[in-house]
Amino acid sequence: MDIDLKIFSPSQQHAWFDLLILAMYADGHLTTAEDEQLQKLLVAMGYTDEIDQHREFDSAVTKTRPFLSSIQAAKDQALLLADAFSERAQQRLVIATVEKLMTSDGHVTTWESILLSELRMKFRL
């Protein structure tokens, strides 16, 4: 994920990362490719130290875990996180990266499809 993060504020970067964590865990199948993409994003966000990367990753997982109990909870949280992005360029980048992460394992589950569809409707894309 070679992305210029200048279009995002720090709070938007965290909302985006949390949304990607939610997307990654939505299918219950974690892959090395997904993890590598998120680690690159953490570096782009300024977390170059491995300890800081682990702390931020773990924090996002801890915040996200309660919303993985049901598709409704996951959808509600995804839409809440999506509220952080009001500019079209941000919305396009967010949806593109969420979709890339979800499809990186070659299999899109029902949960992932629902979350992606809800985000597209939210952003009107």
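Here, each number is a calculation from the coordinates, and none is a lab measurement. Please read all numbers here as calculations on a predicted model, not as lab measurements. Here the Cβ is made from the backbone with ideal geometry for all residues, glycine too, and neighbour counts use every protein chain on show.
General observations
- Among the residues of region 97-125, just one is outside any helix (DSSP H, G or I), of a type in the set (A, V, I, L, M, F, W, C) and exposed (fewer than 13 other Cβ atoms within 10 Å of the Cβ), namely Leu125.
- Filtering Ala23, Ala84, Ala78 for residues that are part of a loop (DSSP other than H, G, I, E, B) and either surrounded by 19 or more Cβ atoms within 10 Å (Cβ to Cβ) or under 13 Å from the mean Cα position of the chain (by Cα) (or both) leaves a single hit, Ala84.
- Close pairs from region 42-65: first touching a residue at least 12 places away in the same chain (Cβ under 8 Å), partner part of a helix (DSSP H, G or I) and of a type in the set (S, T, N, Q), Cβ under 8 Å, at least 6 apart: Leu42/Gln53; Met45/Gln13; Gln53/Gln39; Phe57/Gln39; Thr64/Gln77
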